[in-house]
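See structure below.
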Amino acid sequence: MRMIAALACAGLLWGCNQGAQQQNAQIEPPANSSEGSAMGQAATGAEGNGANVSLPDDRTPLEEPKGPIDPKSAEGAGQVVQHYGALIEQGRWTESWALWTSADAAKAFDRNWRDDSEVHMEIGKPGDMEGAAGSSYITVPAVFYGKTRADGSFRRGADVILRRVNDVPGSTEAQRRWHIERVELKAGG
């Protein structure tokens with residue numbers, strides 16, 4: 001009798017679990033849904049600039065690497081952008097310029113954020129690598145967000161374009177590393 005009761009109980013639990021999984025599958029919006037993540041819909045200041053700025057497909061987390069990351073790979077480029085984000089978040093502007101191809105371009109871009117009280121970055125999945133004239137390029141989507149000194153907030157989408165010289169004769173080790181070539185802020189954000 002106990003055996004029958006145990007089997008019946010197990011059957012009920014299995015049936016309940018299957019029903020819950022089917023219900024969750026119906027409730028879960030598709031990955032490309034226009035509904036952004038909670039971070040993608042964070043409120044901004046009074047102006048409402050960029051309230052809905054989010055990364056492409058920001059509902060799908062990036063996979064952790066299974067081993068060492070090749071510094072010449074797309075993931076290596078993503079690490080450069082992560083490092084840049086960490087440096088500007090800590091206000092280490094001068095150090096962040098070393099990750100750019102041109103320190104002058106880095107200084108000019110940083111003027112967008114230097115007067116803000118907080119600056120953070122969300123970093124998306126690197127795009128496909130493209131080649132041109134002995135160099136490789138890659139675009140990494142990002143969102144810059146934070147707080148202004150006037151107690152407002154901001155949220156701006158951007159594309160971070162990185163470049164590295166391919167392994168061509170005469171290129172230096174420094175040239176063969178990923179560097180930020182430019183950052184294109186998106187309009188309306």
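The values are calculated or read from the model by the stated rules, or taken from the named source; none is laboratory data. All figures in this text were calculated on a predicted structure; none of them were measured in a lab. Cβ sites come from the backbone with ideal geometry, for glycine too, and all protein chains shown count toward neighbours.
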So ASP115, is it farther than 23 Å from ALA187 by Cα, loosely packed, with under 15 Cβ neighbours inside 10 Å and among the acidic types (Asp, Glu): no
I'd like to check something: does segment 31-50 contain any residue that is modelled with pLDDT of 90 or more, surrounded by 15 or more Cβ atoms within 10 Å (Cβ to Cβ) and part of a loop (DSSP other than H, G, I, E, B)? no
Taking segment 140-181 as the search range and keeping residues that are among the β-branched types (Val, Ile, Thr) and surrounded by 21 or more Cβ atoms within 10 Å (Cβ to Cβ), which one is nearest to SER73 (Cα to Cα)? VAL140
Right, ASP128: under 14 Å from GLY78 (Cα atoms), modelled with pLDDT of 90 or more and in contact with a Ser or Thr (Cβ under 6 Å, 6 or more places away or on another chain) or not? no
Those residues of segment 74-115 which are charged (D, E, K, R) and in contact with a Phe, Trp or Tyr (Cβ under 7 Å, 6 or more places away or on another chain), in sequence order: LYS107, ASP110, ARG114
Please name all residue pairs, on different chains or six or more residues apart, with Cβ atoms under 9 Å, provided the first residue is in segment 80-106 and is surrounded by fewer than 15 Cβ atoms within 10 Å (Cβ to Cβ) and the second residue is assigned to a loop (DSSP other than H, G, I, E, B) and of a type outside the set (S, T, N, Q). ALA86/ARG92; GLY91/ARG114
Residue under question is ILE69, and the condition is that it be under 19 Å from the mean Cα position of the chain (by Cα), surrounded by fewer than 15 Cβ atoms within 10 Å (Cβ to Cβ) and either at pLDDT 95 or above or hydrophobic (A, V, I, L, M, F, W, C) (or both); does it hold? yes
